Amino acid sequence: MDERTEELAGLYVMGVLTPAERQAFEIAMARNPGLVALVAGFRTVRDAMAGAVPPVTPPPVLKQRIMAQLDVRAARKKKKLPPAVSPVFAWPGSSPAAESSVPPEATPKVTSEPMPEGTSESQAEEFEPAEATYVPPEYTEPAQVPYAPARARSDGPGFLSFWFPWAVTAAVVVWGINLYFDREELKDRVFPLTARVNRLNHLANVLCSQTNTLQQTVAGLSDLTGRVDDLHIVLLGPPGNDLPKALGVSLWDNQAQTGVFLAQNLRPPPPGEQFQLWMMDSLYPTPVNAGVFSMDDSGAAHVHFKPDRPIASVTKFIVTMEPAGGSATPTFKDLVLLGQ
Amino acid sequence: MNQPAMYNDVDLLRRIGEGDRQAFSRFYDQYAGLLFSVAFRIINEQQEAEDVLQEVFGQIWHQARTYHPRRGRPSGWALTLTRNKATDYLRAYQQGAKLQEQASAEMVVRSAAAPTANALVRSRSSTELIAAAVAELPQDQRKAMELAFFTGLTLHEISAVLHEPVGAVSARIRGGLLKLRTRLEGVA
């Protein structure tokens, strides 16, 4: 066998020939048993190569889906129109007796035969069940009927008026049946497409939902970023050296107009006195009261505070020792902590 | 594959053609792994490979009665259906040459050590032998064969992708098939 033929056999098996080339090759193959054997050998090699792809297991649910699809198709098949013609649409004189009176030689014969050798794979895949081969009835000379114009016939003009409505009815029925089967076929084609569209819709919904979540997250982060701009963290320390280890931190949320104050290593206030937190804002001539607080046994304090007056821009935090219950304005007799 | 197994598969297809659901189920169990692997290899998308497999088994159910042993083994027939359906999918849904070229660029020779378990290849050792034989092919031959079978490109498109004349591509495919046939004698 020459190289060119072997090349064509390889291209044929790998499915890369054009339809015309494929057809020509199949004709050649039908005449050459050696070529058939070569193609069979190449097919085995191709299948082995395909069998060596990395294995991927289909999900178990897929089998259920495919089996269910068979059920749906079987159910549809059962619903199809019965082959018998309803009496309403029966042709005049078409009784069972009339049907049985049709001579057997007028009926086409069918015989079962395997696929022809030269049938291409692609053709075969799209090939409808071909178990029946049409064998036409033997031709017989028609009986000689003398020509006569329609108007001169014995049935005359009544012939058309009688047959025409039946012919139209039959055409409509045939058309309707064709439409019905076309619709069923379309349903079969549409079924997987619909499933795919549904999945894509589902995916789109999931993506849409995720997008919304992300948008919310971004909005939240933007909000937080804005909030961070409004947050002020101020470290407070003792103004003198009499209590070097005392330390305070104030976290102020200007937008919420609230804050948290933490302090450590405070010295217990004298009897009848209390710590008081102040905030300084250029809007006001005197410090704004942010509340009194106490320390625990370890000298620590942790308070949430809210000033008496709205703060535009805090410039300093001050902690002073004031008479129990607090003062309207700081006495500055004992300045404990200061931060800006 | 040995002869009795082939006859069993043929018998399965005959029964499927007669509407035997049990035979269909058995055929599915036997070949779904292989066919799905091939579809996935071609499309590289799980969901779409599932769709292709579903359509292929629909075709098998409807066309089993048209199968004739002259057209090769049942597994080969089913493989051809799968390959054609998957490549049709590629053409239709992956926007033509650009993605195909991308897919071909991503062609990777699979490791010879990668184990496969499918009905076509009956034992692990034969699978490994086949994979090894494929991996040992010269790269130009292997690539031409893989492009031909797994991408659905035409001969001229393969020639364009490989920047080689059509004649050279044909010769490589032929050479690869002949080499594999020699190496796989008694294995596949």
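The values are calculated or read from the model by the stated rules, or taken from the named source; none is laboratory data. What you are looking at is a predicted structure, and each value in this text was computed from that prediction instead of being measured. FYI the Cβ positions are ideal-geometry reconstructions off the backbone, even for glycines, and counts take in every protein chain you see.
Quick notes on this one:
- One residue from B:ALA97, B:ALA103 being at pLDDT below 85, within 18 Å of the chain's Cα centre (by Cα) and surrounded by fewer than 21 Cβ atoms within 10 Å (Cβ to Cβ): B:ALA103
- One residue stands out in the range A:54-72 among those that are part of a helix (DSSP H, G or I) and touching a Leu at 6+ places or on another chain (Cβ under 9 Å): the one that is farthest from B:PHE40 (Cα to Cα), namely A:ILE66.
- The range B:66-83: number of residues that are more than 7 Å from chain A (Cβ to nearest Cβ) and under 10 Å from the mean Cα position of the chain (by Cα): 3
- Near pairs, Cβ below 7 angstrom, 6+ apart or cross-chain, from the range B:2-20 (not assigned by TED's automatic domain parsing to the domain that holds B:TRP77) to any residue that is modelled with pLDDT under 90 and part of a helix (DSSP H, G or I): none
- Yes/no for A:ILE27 being loosely packed, with under 15 Cβ neighbours inside 10 Å and either within 14 Å of chain B (Cβ to nearest Cβ) or modelled with pLDDT under 90 (or both): yes
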